[in-house]
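Q: Before I ask anything, here is the structure I am working with.
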Amino acid sequence: MPRANEEWVRALADDGGAGESAWRELRALLVAGLQRILSPRGIANDLCEDFAQETMLRIRGRLGAFRGESRFTTWALSIATRVAFDELRHKRWKDVSFDAVSADAKTPLVFEPSIEASQDRRLVRERVLTCLREVLENDLSDKQRAVLVAELNGMPQAEIARQLGMNRNALYKLSHDARKRVKEHLARAGISELDVLWVFE
């Protein structure tokens, strides 16, 4: 019989043999769950073991925060999944420099023409891209533009903050202000979010 939520919390909080047994059982469940999620993506099993270990440290510190709104194992696996994807993102970007990712910010923006689009969509796309080019080149500071370009190229905010020596809140504000200016510029030109989505869908 699987453990009920209260049993998990009670057993994991135990300092004796029952606690050790529960932590071993949880570790096995986390490793198996991570392997199901990550193996099809080509992630090695030993990394799943590492992610499970890191997850158990986090759960140990957050055990009192479990509110019982889902099954305990579902909650634990959701933490493990976040840990895994955060670590994999970090590894992917660890050797990529911010300067390389944001290099496009230093050159005039060029957008490839869309050959397949209808004439209507091509006209709206040209208007949207012209507007984007104007705001990116004229209304943003060099730093705002570089951060926005790095984000658009997929670099996570945590990695941008680390490489720029900024705290996450300062980076969030910089990025938020840049996006707000872009949105306001588009709105002044009569371009809605739906227009942008329609052009790029």
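Q: For the stretch 166-200: of the residues being under 24 Å from Arg82 (Cα atoms) and not in a helix (DSSP H, G or I), which is least open to solvent (accessible area, probe 1.4 Å)?
A: Met166
Q: Can you tell me how many residues within the stretch 63-93 are closer than 28 Å to Arg10 by Cβ and either touching a residue at least 12 places away in the same chain (Cβ under 8 Å) or in contact with a strand residue (DSSP E or B) (Cβ under 9 Å, 6 or more places away or on another chain) (or both)? Show your work before the answer.
A: Kept after step one, since they are closer than 28 Å to Arg10 by Cβ, are these residues of the stretch 63-93: 63-84.
From the residues that got through so far, the ones that are either touching a residue at least 12 places away in the same chain (Cβ under 8 Å) or in contact with a strand residue (DSSP E or B) (Cβ under 9 Å, 6 or more places away or on another chain) (or both) too are 63, 66, 68, 71-73, 76-77, 79-81, 83-84.
Result for the stretch 63-93: 13.
Q: Check whether at least one residue in the stretch 72-88 is touching a Pro at 6+ places or on another chain (Cβ under 8 Å) and either at pLDDT 80 or above or among the hydroxyl-bearing types (Ser, Thr, Tyr) (or both), and report yes or no.
A: Quick first cut of the stretch 72-88, residues touching a Pro at 6+ places or on another chain (Cβ under 8 Å) only: 73.
Subset that is either at pLDDT 80 or above or among the hydroxyl-bearing types (Ser, Thr, Tyr) (or both): 73.
Yes - at least one qualifying residue is present in the stretch 72-88.
Q: Another question, then. Please report, ordered by residue number, the helices (runs of 4 or more DSSP H) entirely within the stretch 1-62 with at least 1 residues that are in contact (Cβ under 8 Å) with a residue 40 or more places away in the chain and more than 30 Å from the chain's Cα centre (by Cα). Break it down stepwise before answering.
A: On the way: elements: 5-13, 17-38, 45-62.
Because the criterion is at least 1 residues that are in contact (Cβ under 8 Å) with a residue 40 or more places away in the chain and more than 30 Å from the chain's Cα centre (by Cα), the helices (runs of 4 or more DSSP H) in the stretch 1-62 that meet it are 5-13.
Q: So which residues in the stretch 49-80 are of a type outside the set (Phe, Trp, Tyr), over 15 Å from Glu6 (Cβ atoms) and open to solvent by less than 20 Å² (accessible area, probe 1.4 Å)?
A: Answer for the stretch 49-80, where residues must be of a type outside the set (Phe, Trp, Tyr), over 15 Å from Glu6 (Cβ atoms) and open to solvent by less than 20 Å² (accessible area, probe 1.4 Å): Ala52, Thr55, Met56, Ile59, Ile79, Ala80.
Q: Which one of these does Gly154 not meet: (1) modelled with pLDDT under 80; (2) within 16 Å of Arg125 (Cβ to Cβ); (3) open to solvent by less than 70 Å² (accessible area, probe 1.4 Å); (4) not aromatic (Phe, Trp, Tyr)?
A: (2)
Q: Further question on the same structure: So, in the stretch 144-165, exactly how many residues are over 15 Å from Ser97 (Cα atoms) and basic (Lys, Arg)?
A: 1
Q: Also: Return the residue satisfying two criteria in turn: it lies in the stretch 14-31 and is at pLDDT 90 or above and hydrophobic (A, V, I, L, M, F, W, C), and of such residues it is surrounded by the most Cβ atoms within 10 Å (Cβ to Cβ).
A: Of everything passing the filter in the stretch 14-31, Leu30 is surrounded by the most Cβ atoms within 10 Å (Cβ to Cβ).
Q: Could I ask something else about it? List the pairs whose first member sits in the stretch 137-149 and is of a type in the set (Val, Ile, Thr), whose second member is open to solvent by 80 Å² or more (accessible area, probe 1.4 Å), and whose Cβ atoms are under 6 Å apart, counting only residues at least 6 apart or on separate chains?
A: The qualifying pairs are Val149/Asp104.
Q: Filter the stretch 134-188 down to residues that are under 18 Å from the mean Cα position of the chain (by Cα) and acidic (Asp, Glu), then give me how many there are.
A: Residues in the stretch 134-188 being under 18 Å from the mean Cα position of the chain (by Cα) and acidic (Asp, Glu): 2 in total.
Q: Kindly establish whether Trp93 is closer than 20 Å to Val31 by Cα, surrounded by 12 or more Cβ atoms within 10 Å (Cβ to Cβ) and either of a type outside the set (Lys, Arg) or at pLDDT 85 or above (or both). Lay out the reasoning, then the answer.
A: Values: closer than 20 Å to Val31 by Cα: no; surrounded by 12 or more Cβ atoms within 10 Å (Cβ to Cβ): yes; either of a type outside the set (Lys, Arg) or at pLDDT 85 or above (or both): yes.
Answer is no for this residue.
The values are calculated or read from the model by the stated rules, or taken from the named source; none is laboratory data. Bear in mind the structure is a predicted one, so any value in this text is a computation, not a measurement. Virtual Cβ from ideal backbone geometry, glycine too; neighbours counted across all protein chains shown. Keep in mind that these areas ignore ligands, DNA and RNA; they rest on the heavy atoms of the full protein, side chains included. Shrake-Rupley method; radii C 1.70, N 1.55, O 1.52, S 1.80 Å.
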